[in-house]
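One structure below.
Values quoted throughout were computed directly from the atomic coordinates according to the rules given, and no laboratory measurement underlies them. What you see is a predicted model, and the numbers here were worked out from it, not measured in a lab. No Cβ is skipped: glycine too gets one built from the backbone with ideal geometry, and neighbour counts run over all protein chains shown.
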Amino acid sequence: MHELGYDAPWIVASGEEAIKKVGEVRPDLVLMDIKLDGELDGIEAACEIKRRYRVAIVFLTAYSDPILLERAKQCEPSGYLLKPFRGPDLRTTVEVALHKFRLEEESRLKELNNILERALILSGTNRSEALLPHASKTSAESKDIIITDIRGRTLHEVTTEITRAMCLNALDKCSGNKKEAAKLLGIARESLYRYLKEFGILS
C-alpha cells in the first residue's frame, strides 16, 4: 500500500482488534482478510465495522467459495480481491472502492440533508414531532436540544441518531406505513428501507 501511495500504518491480526482500531483511527478504507485470528472472522468483523462506522471495506481472500462470497455480500463491501494478486490489481480495486464509497457518501449526505431540510420546513406545525427527535414546540428549542446532544460526538454518530429518530417518528406518525413515512421524510421508499435495515429495525 505504501508503494501505491497510501498510508497504511495499522495492521491487526484479529477481528476484535480491527473493530477497535477502526473506531480509534477512523480510516477511509479497510483491507479485510476473511481468515483472521480470534473469535470473529473477517466477514463478521467487517459487518460490525459497517454497522458502527462509515468506511469502505475491501475483502482479501484466497477462497472463491460461493458461500463465503454470499456472506461477504451481506456487508455490502466496496470491493473483493482474490489472492494472490499483483500491485496493479490492488491499486485498481482500492481506487474503485474509494470512488464508489465517496459517491455513496455523497448520495447519503444529500438524502440526510433532504431529511433535515424537510424537518425544518415542517417544524412548528402539528407534524414536527414526526421528524425532529425530542422536538419542542419551536424549531429554536429543538435546535438547542440537538446542539446539546452533539457536543463531543462525531458527525456520523449525530447524523445516525437524528436520522434514526426521524425515521422511527415518521413511521409512528404514519402508523407504520413506510410509503407515507418516506414521503413525509422526502426520500425514496427504498432509502427508508435501507436506513431501517442499517439501524437493525428491518432484517
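Take the residue pairs K35/K73; K100/K183; K73/K100 and return only those whose Cα atoms are more than 18 Å apart.
K100/K183
For a Förster distance of 30 Å, can you work out the FRET efficiency between the beta-carbons of L202 and A62, rounded to the nearest 0.05?
My answer for the efficiency is 0.35.
First check a/c for region 15-85, with a ≥ b ≥ c the square roots of the eigenvalues of its C-alpha gyration tensor; if it is under 1.5, answer rounded, and if not, answer prolate when a/b is larger than b/c or oblate otherwise.
prolate
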